[in-house]
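Beneath this line is the structure, given in C-alpha cells, with notes to follow.
The values are calculated or read from the model by the stated rules, or taken from the named source; none is laboratory data. Computed from a predicted model, the values in this text were never measured in an experiment. Note: ideal-geometry Cβ built from the backbone for every residue, glycine included; neighbour counts use all protein chains shown.
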Amino acid sequence: MTVLYGGAFDPPHVGHVAVADAAREHFGVKQLVILVSERPAHRKTQASAEDRLALAHAAFPRDDVRLDRFPRTIELLRTERFEDPIFVVGADQFAGFLAWAEPDEVLERATLAVATRPGFPREQLDAVLAQLERPDRVVFLDIEPNPAASTDIRAGSALDDVPPAVAEMIENRWLYRP
C-alpha cells in the first residue's frame, strides 16, 4: 500500500500536517508520499513549484516529498506505478470530486481517503458519494478541527498556522509578502 497526499501546498500549514498524521495513523504507515503539484489544474499558485517543494520538505520531514508534474490526478495514476494506492484529500476537495477529470477512473486506480472535520456538512459528501460508480473505494478519516488556511497565510496574516521550519523558510525566502 502507498498512501499519497497531494496538493498545491501554497504553503503547507498545520492543517495539512494534521491530515498527514491522521492518514499515517489510520493506515498504519510510517511514511506518506507527499505530491506537490507543479501546475495544479484547479487553481493558480503564488509561490513557485521549487519554493512549494522546499516548504513541503520542511513541513513533512519524515515523508517522501516529490514534485507532481501532472496537473490532474488521473494522469499521475495512469503514468506512475504505486502499490495499492490510497489518495488522501480534504473534505473540501471531495465535495468537488465530480468535477475532477475522470473521477470514476480515479477510483478504479486508487482508494480515496477523505479527511473530514466537525462542522463540514456531511450531506455534501454523501451527495458526491451517491453519484460514484465505486463508492466502496472511498473511506473517511475524521480529524480534529483546524482553522489554518493557506489563503490567510498567503495574505501574511497567519504565520502561526505553519510549522516553525516552514515559517522560517517563508521569512528567509521572502514569500507571501503583502
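Observations, loosely collected:
- D51 touching a residue at least 40 places away in the same chain (Cβ under 8 Å), out of contact with any Asp or Glu (no Cβ under 8 Å at 6 or more places or on another chain) and either under 29 Å from E168 (Cβ atoms) or of a type in the set (D, E) (or both): yes
- Filter result (exposed (fewer than 14 other Cβ atoms within 10 Å of the Cβ) and closer than 11 Å to F94 by Cβ) within the range 123-138: D126, A127
- Contacts under 8 angstrom Cβ, first residue in the range 31-45 being farther than 22 Å from A99 by Cβ and surrounded by 21 or more Cβ atoms within 10 Å (Cβ to Cβ), partner of a type in the set (D, E) and modelled with pLDDT under 95, 6 or more apart: none
- Qualifying residue in the range 12-19 (condition: modelled with pLDDT of 95 or more, in contact with a strand residue (DSSP E or B) (Cβ under 7 Å, 6 or more places away or on another chain) and not hydroxyl-bearing (S, T, Y)): no
- Taking the range 111-127 as the range and being within 18 Å of I74 (Cα to Cα) and either free of Cβ contacts under 8 Å to residues at least 40 places away in the same chain or touching a Pro at 6+ places or on another chain (Cβ under 6 Å) (or both) as the test, the residues that pass are T111, L112, V114.
- Count of residues meeting criterion [of a type in the set (A, V, I, L, M, F, W, C) and in a helix (DSSP H, G or I)] in the range 26-54: 4
- The range 78-95 - residue that is buried (at least 18 other Cβ atoms within 10 Å of the Cβ) and in contact with a Leu (Cβ under 9 Å, 6 or more places away or on another chain) and, of those, nearest to T45 (Cα to Cα): V89
Listed here are the residues, each with its yes/no results for (1) at pLDDT below 95; (2) touching a helix residue (DSSP H, G or I) at 6+ places or on another chain (Cβ under 9 Å); (3) on the phi < 0 side of the Ramachandran plot.
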{"residue": "F27", "(1), (2), (3)": "no, no, yes"}
{"residue": "V33", "(1), (2), (3)": "no, no, yes"}
{"residue": "D51", "(1), (2), (3)": "no, yes, yes"}
{"residue": "A54", "(1), (2), (3)": "no, yes, yes"}
{"residue": "D68", "(1), (2), (3)": "no, yes, yes"}
{"residue": "T79", "(1), (2), (3)": "no, no, yes"}
{"residue": "P85", "(1), (2), (3)": "no, yes, yes"}
{"residue": "V88", "(1), (2), (3)": "no, yes, yes"}
{"residue": "G96", "(1), (2), (3)": "yes, yes, yes"}
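- Scanning the range 96-110 for residues that are buried (at least 19 other Cβ atoms within 10 Å of the Cβ) and either of a type in the set (V, I, T) or touching a residue at least 60 places away in the same chain (Cβ under 8 Å) (or both) yields a count of 2.
- Check on V33, aliphatic (A, V, I, L, M) and touching a Ser or Thr at 6+ places or on another chain (Cβ under 8 Å): yes
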